[in-house]
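Input: a single structure, listed below in structure tokens.
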């Protein structure tokens, strides 16, 4: 479970929240709605690497002529296709 905290309360606790982000995500809220997520640089790098791996897998499947899937349609809608 992520830590959820209003931005106004996060400001004076930023150093501690950065430490917390090493073990869990921190969701910053504004007026009761999620506004941003604080994650560790390790987790950020892992997520980017995983996204790149998934994009490479999708590109390889397309190059091999595999039929499109619903995922391809979603990627197209959000701009993740070439």
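Where a number appears in this text, it was derived from the coordinates with a stated rule and is not lab data. None of these values were measured; they are calculated from a predicted model. Quick reminder, even Gly has a Cβ in these numbers, built from the backbone with ideal geometry, and neighbours come from all protein chains shown.
In table form, for the structure just shown:
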quantity: Share antiparallel - DSSP beta bridges, the chain, percent rounded to 5; calculated: 55
quantity: Net lengthening on full extension, residue 30/residue 5 (0.36 nm per residue, minus Cα-Cα); calculated: 8.1 nm
quantity: Spacing of the two label points (7 Å from each Cα toward its C-beta) at residue 45 and residue 73, in nm; calculated: 3.8
quantity: Residue-averaged 222 nm ellipticity for the chain, from DSSP H runs of 4+ at -39500 (n - 2.57), nearest 500; calculated: -15500 deg cm²/dmol
quantity: Interatomic Cα distance distribution for the chain, bins of 5 angstrom, percent; calculated: 3, 13, 18, 15, 11, 12, 12, 9, 5, 2, 0
quantity: Distance in nm between pseudo-label sites at residue 18 and residue 63 (7 Å out along the Cβ direction from Cα); calculated: 4.0
quantity: The chain: most fluctuating residue of 71, 15, 36 per GNM, C-alpha cutoff 10 Å; calculated: 71
